[in-house]
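Some notes on the structure that comes next.
Every number in this text was worked out from the coordinates using simple rules, so none of it is lab data. Small disclaimer: the values here were computed from a predicted structure and weren't measured. No Cβ is skipped: glycine too gets one built from the backbone with ideal geometry, and neighbour counts run over all protein chains shown.
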Amino acid sequence: MQRTLAGRQTDVLFDLSDYPQAPARPGEAAPLPEQQQQDDRKPRYEAASRIKRLAMSHHEQQAMGWTPEQVADHRTSMADARIALCIAIGNTVNDIDPASGYSTSRTSYDNARNSWIRLIKSHGFSAMYEQAPLTQARAFWAERRPQYLAGDDWLAAGLVAHRAYWLPLGRPCNRPTCDEHATTEGVR
Ligand SMILES: [Zn+2]
């Protein structure tokens with residue numbers, strides 16, 4: 001399957017409006033913007049660029065000695081920028097979380113879900129490392145779109161994919177901290 005660069009860029013812009021997904025695999029970098037076909041995408045790029053310019057971790061804010069007021073202002077600016085991107089990519093008002101600016105569309109839910117399943121398929125799952133961010137990601141949707149989450153167990157789906165991926169190879173996965181394979185000598 002071949003995806004066009006333009007198609008991938010659209011995905012990247014969607015991703016920026018989505019609640020943080022599973023960590024990207026090492027070495028997987030986002031593609032650089034291309035110069036052509038800019039006109040109809042200009043509002044998206046502008047909104048995405050603003051998010052990238054504003055982005056700053058909590059750790060960086062602490063290191064710079066930000067006051068609580070500065071942190072709150074920054075959070076508001078980030079939410080505004082995400083809302084602008086959501087509008088630019090065509091979200092309805094109902095599919096934008098007003099407090100955070102993250103997209104709550106079904107597409108964004110599927111993006112988040114699939115990113116976790118892809119991660120678990122490749123790397124397995126460690127409760128120690130991944131349970132907290134997974135719980136946090138699901139909590140975002142449980143609060144805003146519980147109907148999407150109903151009966152949809154991301155971890156179970158990811159582990160099914162992980163086992164199916166490694167079973168034909170006849171050995172446990174390469175990750176020492178994978179809960180699925182840590183206690184087994186062979187393959188389940
Ligand atoms: Zn494993």
Show me the three semi-axes of the equivalent ellipsoid for segment 105-188, from the C-alpha gyration tensor (sqrt of 5 times each eigenvalue), largest first, rounded to whole Å. 26, 13, 9
Label point distance in nm, TYR129-LYS42, each placed 7 Å from Cα along Cα→Cβ: 4.4
GluC sites (Glu not before Pro), restricted to segment 126-188: which are DSSP loop and have at most 13 other Cβ atoms within 10 Å? GLU185
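Treat the count of other C-beta atoms within 10 Å as a stand-in for reagent exposure and order CYS173, CYS86 from fewest to most. Could the numbers behind the result be given before it?
Values: CYS173 18, CYS86 26.
Sorted ascending by nearby Cβ count, the order is CYS173, CYS86.
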If N is the number of residues in segment 48-188, what value comes out of its Cα radius of gyration divided by 2.2 N^0.38 Å? 1.31
GLN147 to ASP110: extension gain in nm, 0.36 nm per residue of separation minus the Cα-Cα distance? 12.0 nm
Mean Cβ neighbour count within 10 Å, used as a protection proxy, ranking 95-104, 55-64 highest first: 95-104, 55-64
